[in-house]
Each structure stands twice: as C-alpha cells, then as structure tokens.
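Comments concern the structure below.
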Amino acid sequence: MRATRRLGVFLKPYWLWATLAPLLMALEVAMDLMQPRLIQRIVDQGIARGDMGVVIETGAWMVGLALIGLAAGLGCGVCAIIAAQHFGADLRGTLFGKVQALSFGNLDHLETGKLITRLTNDATQVQEVVAMLLRIMVRVPLLLIGSLIRAILTSPELSLLFVVLMPIVLLALVWIVNRTYPLFTRVQQELDTLNTVMQENLSGLRVVRAFARGKHEVRRFGQTNDTLMERNTAASRMTALTMPLMMLTLNMGVVAAVWIGGVRIVGGELQVGELIAFTNYLMQTLMSLMMISMLVVRLSRAEASAERLREVLDSEPTVTSRPGAITTFAPEGRVVFEDVCFSYDPNGHDPVLRDINLIAEPGQTIALLGATGAGKTSLVNLIPRFYDAQSGRVMIDGVDVRDINEEALRGKIGVALQESILFTGTIRDNIRYGHPEASDEEVIEAARMAQVDDFIRRFPDGYDSIVGQRGVNLSGGQKQRIAIARALLTRPTILILDDSTSAVDGETEARIQGELARLHQTRFVVAQRISTVLTADKILVLDDGRIVAEGSHDELLSSSPIYQEIFDSQMERGGVLHGAA
Ligand code: UTP
Ligand code: MG
C-alpha cells in the first residue's frame, strides 16, 4: 500500500471532491441501513396489528429515504469520477514531465516500451482504484459495521450467530486472498510481458517483415497471450469459487436465524418483523465481508502498478545542473577533453572511453573515425552532456560542462544524432524544432545549406508537406539532411554531426561540407568514410575507446598505419574521394 499512498499527493488539489464522495456514500449507506428497520415497522406495527395507516406512512418513508440514498449514491459517483479523472490526468502529466526531465542514463534503465506501459496501463489501473477507493471502499466497511451494529440492536440473542459465522467467513476469506493474491501478481507480470512483446513488435514491424519472421512473432505473442489467459482463468476460478462458498455460508446463516428466530417467535419472545430485519442485516454484513476480499485483491494489483509509477517518479536525473551553474553562456567554442574516462555502467565497469585528451579550437573541424563500437558516439555525447564522464572533464571555453546549466549549454550546441528521428508534422516544423521562432527565410537557408531545399520544393506541398510518424515517407538520406538543417537552424557555436551523411551520396556530402566551411563554428564530424574527413583540421582515429592516432589527413597518411589501412581498404572498394582540397 505504500506506493499507492505515495501517489495520494495527486489527489490533494481535488480534496473537495475526494471528501464529498465518501460523505455522500456514507449518506447512502445510512439510507440503506434504514430500510430493514422500516420493513420491521411495517410488519410488526402495521400488518400484525392491521394498521394500514402505519403501513402507508412507513412505506412512504421507505420510498423517500430510498430516493435520498439514490441521489447520494449518484452524487458520490460523480464526485469520485471527477476526483479520479483529474487525479489520473495530473498523474500522467507529471509522469510525462518527469520522463522529459530524465537523462539518457535513466532512460536506458527504464526502457521506452516499459515506460509506455507505465504511462498508460499502470496509470489507468491506479486511477480506477482511486475511483473505487472513494466509493466502494467507503461503502463496504461502513455497511459492514453499520449492519453489524443494527443486527445486534435488533436482536442481541440472534446476534450470537455471528460468533459462529464470522470466524468461518473470515477464515475462508484469508484463505482465498492468500491463494488469489499470488495468482493475480502472476497475471500482472504476464501482462507486462505481453505489453513488451506487443510494443517491440509494433515499433519493429518493418524488421519483422523484412526477415519474414511474422509467423515466429505470432507464435511468440500467442504463447504469452495463452499464458496470460491461463493465469487469468486460474485466478478467476479461485474468485469464482468464492461466490458459491460464501453463499452457502450465508444461506446456512439465514436458515439458522429463521429456525432459531421461528422458535422464539412461537414462544412470543421475538416479532416477525424483527426477524426479517435481522436476516437482512445478517446478509448485508456477510456480503460486505465478501466484497472486502475482492477489494483486497484489486488493491494489491493497483499497488504493483503504483510501485512501477513510483520508480519513474523517484528516478533522479543522472545529469543535473550543479548549484550555481552558469545560465547565460556565449562561448567561442573551444572544446577540451581532459583525461576523460566514460562508462555506461554507473559503477564504472567496462569503460567505453579511456584517457581521452583532445583540444578543438574555435572554428576547427574535428573528425572522428573508427570502427563501429569504437566509442565515437559516446565521445561526442559527452559534449552536450547526454551523459557525464566518470572521470576527467569536458570543458568549453575553459568551463567544465557540468558547471553550465543544461539548457544554456544545449542551446549553444547543434546535434544531428546518428539516428535521424523526425516528428509527425510539416517539414517546416521539423526543421524549426530547435528554434520555433525562426522565419521562413531562415528555414529555407538552413535547408539549402543541408542540400535539402531542392527536393522539398519538389513535393506538392513543399515545406508544408507532412512528415509521417518518425519520418516514414522520407528516404534515409533525406531524413539525415533534414536533421542537419534542424541542427544548423539554431546557429550553434558547436555543431555535432554523428554519422549524419552516411546515407548521403558523396557529391552531395561534399556540397554540404562546402556550405559548412563558410560557417565559423567548432564542428565534430563522426564518420565511417575517409572522404567525409579529408578536409578536417584534425582527424582522431578511435579504437576500442582510445584515441590511437591524431592529425590531418596528410600527416596521418604518412604516420599512422591504422589510418593507412582504413584509407587503403576504402580506396580498394573504389571509394571516390570527394571534397579533397
Ligand atoms: P558507440 O555508440 O560510442 O560506438 O559505442 P560508435 O563508435 O558510435 O559506433 P558506430 O560507428 O556508431 O556503430 C561504444 C561502445 O559503447 C557501448 C557499445 O557496446 C559499444 O561497444 N554502448 C553504446 C553501451 O554500452 N550503451 C549504449 O547505450 C551505447
Ligand atoms: Mg555511433
């Protein structure tokens, strides 16, 4: 229950609704509790004595109170729904905001697929339980205690029956809850697996098709789906068993009450109406107890969801601004790495970057070359602080990046990530993403530099063409160039192009480089092809997280065997060298 209670803060702004709902529910329960008592009156004082006046008057009271109960019940429902829906909306909003504030490191750990489940399924689970808490969870205990007291007041002697019945029912309840609780926990786990399989498949549908693994995935989904069904059935079977068992106990109780009560009525110690009222209260008491067992199961399921939400809410961003961090930052763009070591593991195991030292003067172009997995992306990711170095430091204009407010820092750095991700919307809005106030001329200028203006104009809607989800209706090279335009538009002091021209033909790449050369900015260009790095001021060759060679193309060609090897292999493949000075 701890995690669920922790989410209680989201209910605070709606305390009025959240208090009104239980109050109205209490009113409804009070009305319900009056009914058997009034029936008793009709029978004992009306029918038994042949007094029609009492029958009519009491009947009118019954209808009146029932109507009040109905209105209260409706009101309670409305208040509970208002409170719960607002709660849910705020919860989802906060979770979304939290995810936006988290660092790359947190997101590696929480995983996108699971986050989607948390923001949708788990949040809804908790929201539903809140609505339930405000209604049924108030109703049931009140009804239980109320009818128990009423039963005792109606007939203290018959109430001795509770002494026998309650322990039986309670024992049965404990047994059932103990059996079903683990079952429902397993249902929840299987539901998680199902969600993961589904999410993975939907986002990777193209890969599944490409490898013709559709049948395999259907089978994999089918297995999880079947397991979920089996577990659900097993759990429900237990709950289904509850009902008849409880009804049996309840009916035996009623039979015992009628029997004992009948004897007493004959003896003149009890009235018929009293017996009717008592059996009514008896049934209500036992029914409430049964409801409680179901509520316990439901609550425990919500607790599992609440716990997963808590994990998101309590995640602390791994990259944070230090107190007193610089908020206005206008660097010249001198980037220095000092003995930088980095690992994706928070404990520093398996470092992917080791003893990196480099200096990039303002306006210089630094190229990073190296085999796949060498650490190129990891290195450039340290500059905008997507991750923080484990040891050593990264500095811009002599200031440790950790001493600069993240937004201020990232405002000066333009990044075209290795995987170009575009958003659903127009091409114009995609290019403007980092600088929404940019004028149309600026957008066109950025697109022109990224060599993407021509083909955008060829679309029927030009810059207003809609890009599909993740840019589906664009080619890989087109997406990359739009991503470059998007990075250029922010007029960054430092530009990072992570393999951003890998899907662009050599000639176009050379033209993009020609345009970039006219800008005064510090550039980091990650590349696989030597043709991309020829004109760089400095080329760094990375191997297994270390800088193994450093210099200009000509220097490296004469001094570095690794570089020569790469050069030769690319020349053999007939790689045309573009952009050679
Ligand atoms: P990089 O992603 O830095 O390599 O990963 P790279 O040089 O850019 O490679 P390409 O050219 O884009 O393919 C360096 C190492 O860090 C690990 C990878 O396993 C790789 O060995 N890594 C990367 C992680 O552990 N976690 C990540 O999120 C990314
Ligand atoms: Mg990379």
Checked against (1) within 30 Å of Val254 (Cα to Cα); (2) in contact (Cβ under 8 Å) with a residue 40 or more places away in the chain, Val187 satisfies every condition except (1)
Go through the stretch 358-375 and report how many residues are more than 13 Å from ligand 1 (Cβ to nearest atom), surrounded by fewer than 19 Cβ atoms within 10 Å (Cβ to Cβ) and of a type in the set (Ser, Thr, Tyr). 0
Quick one: Phe342 ticks every box in (1) farther than 24 Å from Leu557 by Cα; (2) open to solvent by 10 Å² or more (accessible area, probe 1.4 Å); (3) within 16 Å of ligand 2 (Cβ to nearest atom) bar one, so which box is it? (2)
Exactly one condition in (1) open to solvent by less than 80 Å² (accessible area, probe 1.4 Å); (2) of a type in the set (Val, Ile, Thr); (3) closer than 30 Å to Ala306 by Cα is false for Ile145; which is it? (1)
Restrict the check to the stretch 415-435 and report whether at least one residue is part of a loop (DSSP other than H, G, I, E, B), away from ligand 2 (no atom under 16 Å from the Cβ), open to solvent by 60 Å² or more (accessible area, probe 1.4 Å) and farther than 16 Å from Ile466 by Cα. no
Which one of these does Gly476 not meet: (1) out of contact with any Phe, Trp or Tyr (no Cβ under 7 Å at 6 or more places or on another chain); (2) away from ligand 2 (no atom under 16 Å from the Cβ); (3) at pLDDT below 90? (2)
Would you be able to tell me the number of residues in the stretch 67-116 that are touching a residue at least 60 places away in the same chain (Cβ under 8 Å) and basic (Lys, Arg)? 2
Can you name the number of the only condition in (1) farther than 15 Å from Ala26 by Cα; (2) at pLDDT below 90; (3) open to solvent by 60 Å² or more (accessible area, probe 1.4 Å) that Leu133 fails? (1)
Out of curiosity, is Leu194 open to solvent by less than 20 Å² (accessible area, probe 1.4 Å) and at pLDDT 80 or above? yes
Might you check whether a residue that is among the charged types (D, E, K, R) and in contact (Cβ under 8 Å) with a residue 24 or more places away in the chain occurs anywhere in the stretch 411-422? yes
Test Val218 against the criterion of being of a type in the set (A, V, I, L, M) and either modelled with pLDDT under 85 or touching a Cys at 6+ places or on another chain (Cβ under 6 Å) (or both), and give yes or no. no
Just checking, which of Leu33, Leu91, Leu38 is within 29 Å of Val126 (Cβ to Cβ) and of a type in the set (A, V, I, L, M, F, W, C)? Leu91
Sole residue being over 26 Å from Thr501 (Cα atoms), within 16 Å of ligand 1 (Cβ to nearest atom) and within 32 Å of the chain's Cα centre (by Cα), chosen from Asp403, Asp355, Asp345: Asp345
Would you check which residues across the stretch 188-211 are among the charged types (D, E, K, R), under 18 Å from Ala302 (Cα atoms) and within 16 Å of the chain's Cα centre (by Cα) and list them? Asp192
If you check Asp122 against the conditions, is it crowded, with 19+ Cβ neighbours inside 10 Å and on the phi < 0 side of the Ramachandran plot? yes
Taking only pairs six or more apart or across chains, which ones have beta-carbon atoms under 9 Å, a first residue in the stretch 245-269 that is of a type in the set (Ser, Thr, Tyr), and a second residue that is part of a helix (DSSP H, G or I) and modelled with pLDDT under 90? Thr249/Leu165; Thr249/Ile168; Thr249/Val169; Thr249/Ala172; Thr249/Leu286
Is there a residue in the stretch 548-557 that is within 16 Å of ligand 1 (Cβ to nearest atom) and at pLDDT below 90? no
Looking only at the stretch 248-283, count every residue that is touching a Pro at 6+ places or on another chain (Cβ under 8 Å) and modelled with pLDDT under 90 and tell me the total. 0
Selected residue (criterion: modelled with the lowest pLDDT) from residues of the stretch 92-105 that are open to solvent by 20 Å² or more (accessible area, probe 1.4 Å) and of a type outside the set (A, V, I, L, M, F, W, C): Gly105
Since Ala151 meets every condition but one in (1) farther than 30 Å from Leu275 by Cβ; (2) open to solvent by less than 80 Å² (accessible area, probe 1.4 Å), which condition does it not meet? (1)
Any helices (runs of 4 or more DSSP H) falling wholly within the stretch 487-563 and containing at least 2 residues that are open to solvent by 20 Å² or more (accessible area, probe 1.4 Å): 506-516, 553-559
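Examine the stretch 529-551 for a residue that is on the phi > 0 side of the Ramachandran plot and within 16 Å of ligand 2 (Cβ to nearest atom), and state whether such a residue exists.
yes
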From (1) of a type in the set (A, V, I, L, M); (2) surrounded by 20 or more Cβ atoms within 10 Å (Cβ to Cβ); (3) more than 23 Å from Gly267 (Cβ to Cβ), pick out the condition that doesn't hold for Leu158. (3)
Given (1) open to solvent by 40 Å² or more (accessible area, probe 1.4 Å); (2) among the β-branched types (Val, Ile, Thr); (3) closer than 14 Å to Val526 by Cβ, identify the lone condition not met by Val380. (1)
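Yes or no, residue by residue, for (1) out of contact with any helix residue (DSSP H, G or I) (no Cβ under 7 Å at 6 or more places or on another chain); (2) loosely packed, with under 14 Cβ neighbours inside 10 Å; (3) more than 17 Å from Ala21 (Cα to Cα); (4) aliphatic (A, V, I, L, M):
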position: Val55; (1), (2), (3), (4): no, no, yes, yes
position: Val63; (1), (2), (3), (4): yes, yes, yes, yes
position: Leu67; (1), (2), (3), (4): yes, yes, yes, yes
position: Cys79; (1), (2), (3), (4): no, no, no, no
position: His86; (1), (2), (3), (4): no, no, no, no
position: Asp90; (1), (2), (3), (4): no, no, yes, no
Among residues belonging to the stretch 376-389 that are within 30 Å of the chain's Cα centre (by Cα) and more than 18 Å from Leu107 (Cα to Cα), point out the one that is farthest from ligand 1 (Cβ to nearest atom). Ile383
Looking at (1) touching a residue at least 60 places away in the same chain (Cβ under 8 Å); (2) open to solvent by 10 Å² or more (accessible area, probe 1.4 Å); (3) within 16 Å of ligand 2 (Cβ to nearest atom), which one does Met449 not meet, given that it meets all the others? (3)
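The values are calculated or read from the model by the stated rules, or taken from the named source; none is laboratory data. Every value quoted in this text rests on a predicted model; they were computed, and no experiment measured them. We place every Cβ from the backbone using ideal geometry, glycine too, and count neighbours over all the protein chains shown. Surface areas here come from the heavy atoms of the whole protein model, side chains and all, with no ligands, DNA or RNA. Shrake-Rupley method; radii C 1.70, N 1.55, O 1.52, S 1.80 Å.
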